[in-house]
Amino acid sequence: MYPILFSFGNFRIFSYGLFVALAFIVAMYYLSYSLNRLEFKIFSQEELSSFFVYLVFFGIIGARIFYVLTNINEYIVSPLDIFKVWQGGLVYYGGFITVSIFAIIYCRVRNIQVLYLGDFFAPALALGHSIGRIGCFFSGCCYGKESNLPWAVVFTDKQSLAVLGEHLHPTQIYESLGNFCIFFILLFYSKKKRRIGNIFAIYLILYSILRFVVECFRGDDRGIQYFGLSISQNMSIILLIIGVLIYARKASLRKT
């Protein structure tokens with residue numbers, strides 16, 4: 001669509017970078033608002049801000065590393081392009097894994113229940129992801145297969161990462177809308193009494209299903225396949241199982 005929103009001489013504003021930044025800002029605002037409503041405070045506002053900066057850092061690093069690894073031949077030819085994150089090229093599951101590792105270590109140090117932290121961050125994660133995917137749509141990354149559906153889209157900008165001139169599934173919009181729906185489901189469920197970890201479990205379940213289905217319509221290179229499925233689909237199955245196990249666990253946990 002519009003990979004470059006504005007251009008002033010050599011200065012350019014990339015749509016992908018802008019929407020990713022907007023996603024982090026909105027997520028942070030939502031978390032700050034939610035923190036004031038928590039019964040059990042796990043952060044001060046200052047601690048939340050510091051923690052969020054670390055999450056952004058590890059999230060972007062992990063997401064970029066996974067993207068580079070799945071497109072390694074491209075970056076062997078142009079290694080400096082590895083650092084051009086603003087142009088697109090982040091793998092969500094890569095960022096999710098690195099952020100999860102950091103969060104687990106943080107919780108061990110601070111003596112915080114990991115699942116309690118997961119419940120707190122899950123709605124913001126879905127909300128931010130929905131906004132970030134709009135950036136994918138504008139830049140043309142994560143594009144879909146050819147389609148003759150009425151809502152198929154055609155990319156024409158030469159700067160776009162998508163196949164040009166073909167009617168394609170708007171997979172970025174599918175995932176954006178899906179994440180937005182997940183956000184409202186989690187928001188609704190968070191107002192009810194539930195076991196610690198259930199909100200996070202619902203997020204894992206719903207997003208895993210969403211991502212698995214959307215992957216079926218993706219037209220970009222999906223990398224190495226295992227069992228006839230893309231890496232993201234295999235990850236979706238793993239996280240779906242984890243989500244179901246968390247939700248169905250029988251251990252006696254303190255309710256919030």
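The values are calculated or read from the model by the stated rules, or taken from the named source; none is laboratory data. No experiment lies behind these values; they were computed from the predicted model shown. Heavy atoms of the whole protein, side chains included, go into the accessibility calculation; ligands, DNA and RNA do not. Shrake-Rupley method; radii C 1.70, N 1.55, O 1.52, S 1.80 Å.
Before moving on, here are some points about what is shown:
- Amide H partners (placed H, <5 Å) of PHE155, local residues excluded: GLY165, GLU166
- Cα shape, segment 37-83, gyration tensor, a/c 1.5 rule: prolate
- Counting only Cα atoms, the chain measures 55, 42, 35 Å along its principal axes, largest extent leading.
- Normalising the average separation of contacting C-alpha pairs (under 8 angstrom, six or more residues apart) by the number of residues puts the relative contact order of the chain at 20 percent.
- Under Karplus coefficients 6.51, -1.76 and 1.60, residue-wise ³J(HN,Hα) of segment 144-153 in Hz, glycine/proline x: x, 6, 4, 8, 10, 6, x, 9, 4, 10
- Taking the centroid of alpha carbons for each part, segment 84-148 and segment 179-252 are 12 Å apart.
- Segment 67-213: C-alpha gyration tensor shape, a/c 1.5 cut-off, then a/b vs b/c: oblate
- Converting phi to 3J(HN,Hα) with the Karplus coefficients 6.51, -1.76 and 1.60 and the offset θ = phi - 60°, segment 162-175 yields 7, 5, 8, x, 10, 7, 10, 4, x, 4, 5, 6, 3, 6 Hz in sequence order, with x at every glycine or proline.
- Principal-axis tilt of helix 15-35 within the chain, Cα atoms, nearest 10 degrees: 10
- Probe 1.4 Å, all protein chains present, accessible-area order of PHE57, PHE43, PHE217, largest first: PHE57, PHE217, PHE43
- Degrees between helix 45-70 axis and first principal axis of the chain (Cα, 0 to 90, nearest 10): 40
- In the chain, the longest principal axis of the Cα atoms and the axis of helix 198-215 are about 20 degrees apart.
- What the phi angles of segment 217-234 give under the Karplus curve with 6.51, -1.76 and 1.60, with θ = phi - 60°, is a coupling list of 9, 6, x, 7, 4, 9, x, 5, 9, 10, 6, x, 10, 5, 4, 5, 5, 5 Hz, glycine and proline written as x.
- Of PHE227, PHE102, PHE188, the one that fluctuates the most in a GNM where the chain has Cα springs shorter than 10 Å: PHE227
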